[in-house]
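Following: one structure in structure tokens, then a few remarks.
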Amino acid sequence: MKIGMPVLYEYNSVLENIKLAKELGLDFIELNLNFGYCRQQLERPEELNNLLVMNNLEATLHFYDEADFASYEEVVEAYMMLLEKFAVLGAKAQVKLINIHLNEGPIVTISGQKNYIYEKEYSIYIENIKRRLQRARKLCQQNNIEMVLENVYVPVHIQRTYIELWKEGFSFNYDIGHDNNDNDRLQNVLQTTPIKFKEYHMHDGNGKTCHLTLGTGNINLEEYKKQAERDQAYVVLEVKSSEDLKKSVKLFKNL
């Protein structure tokens, strides 16, 4: 198991995050393409690699939050181009893993009830997402980078999708706070499907809010830490400020 941190909104450079990660004795940082300063640093991959090596750190990469590989062909092609670009750059910086959200897709709300387009059109959706994610995985593999899929919300059609993608040999990231906010619906899948996770996003939650400092919510963090140790996973302590991170690192290491 390796322990890392996400890049933080309060900072304006990757170097600031690297300094904090080293101070806290972490193993890696998770770069995030939603942050302009991460994209700018990745455009200088040799410099990034030198910074990581000098500070005895690795890096993983969080892809754009909104990317949906089951969407319109033109939209997917744009994200595929971005994925290839940053996989090539990331390889030069020795990025180990790229994390992609498994989004639930467009929603139609009728009388207060959410209805999912992808559930209504599931046969088309599942063929599209399998084919496109296979292509995305190949792009990552060609650059010696692991691709993992992260849970956001897990309605019925996404539960079915997890099982189908697991059968196809895809790798996954378990965001325990997202699942806590979502009534632990990914747990429904895990009752019958023995998924092992390559990455965990660890943060606390109370069923309504997540990304809380570890120890301030109601999630069984000790059990998830045991799972991450068994899976030999990358673990991102995904809180959002340096102060919360310092508290969370201390608590996590003492679980």
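Things worth noting here:
- Residues (in a helix (DSSP H, G or I) and either in contact (Cβ under 8 Å) with a residue 60 or more places away in the chain or hydroxyl-bearing (Ser, Thr, Tyr) (or both)) located in the stretch 212-224: Tyr224
- Any hit, the stretch 217-235, residues being under 20 Å from the mean Cα position of the chain (by Cα), β-branched (Val, Ile, Thr), farther than 11 Å from Ile176 by Cβ and surrounded by 17 or more Cβ atoms within 10 Å (Cβ to Cβ): no
- Test result for Gly177, of a type in the set (Gly, Ala, Ser), more than 21 Å from Ile126 (Cα to Cα) and either free of Cβ contacts under 8 Å to residues at least 60 places away in the same chain or assigned to a loop (DSSP other than H, G, I, E, B) (or both): no
- Checking the stretch 9-23 against the condition returns a match, with at least one residue being in contact (Cβ under 8 Å) with a residue 60 or more places away in the chain, more than 14 Å from Asn99 (Cα to Cα) and not in a loop (DSSP other than H, G, I, E, B).
- Condition met for Ala78 (among the small types (Gly, Ala, Ser), within 30 Å of Gln227 (Cβ to Cβ) and out of contact with any strand residue (DSSP E or B) (no Cβ under 9 Å at 6 or more places or on another chain)): no
- Scanning the stretch 145-163 finds no residues that are in contact (Cβ under 8 Å) with a residue 12 or more places away in the chain, of a type in the set (Asp, Glu) and in a loop (DSSP other than H, G, I, E, B).
- Of residues in the stretch 101-140 being acidic (Asp, Glu) and free of Cβ contacts under 8 Å to residues at least 12 places away in the same chain, the one surrounded by the most Cβ atoms within 10 Å (Cβ to Cβ): Glu121
A quick yes/no check of all residues on (1) among the β-branched types (Val, Ile, Thr); (2) within 20 Å of the chain's Cα centre (by Cα); (3) at pLDDT 95 or above:
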{"site": "Asn50", "(1), (2), (3)": "no, no, yes"}
{"site": "Asp68", "(1), (2), (3)": "no, yes, yes"}
{"site": "Glu74", "(1), (2), (3)": "no, no, yes"}
{"site": "Glu77", "(1), (2), (3)": "no, no, yes"}
{"site": "Glu84", "(1), (2), (3)": "no, yes, yes"}
{"site": "Leu89", "(1), (2), (3)": "no, yes, yes"}
{"site": "Val95", "(1), (2), (3)": "yes, yes, yes"}
{"site": "Ile100", "(1), (2), (3)": "yes, yes, yes"}
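- Single match in Ile29, Ile98 (criterion: in contact (Cβ under 8 Å) with a residue 24 or more places away in the chain, of a type in the set (Val, Ile, Thr), closer than 30 Å to Ser123 by Cβ and buried (at least 23 other Cβ atoms within 10 Å of the Cβ)): Ile98
The values are calculated or read from the model by the stated rules, or taken from the named source; none is laboratory data. Note that the structure is a prediction, hence the values are computed from the model and not measured. Neighbour counts run over all protein chains shown; Cβ positions are idealised from the backbone, glycine included.
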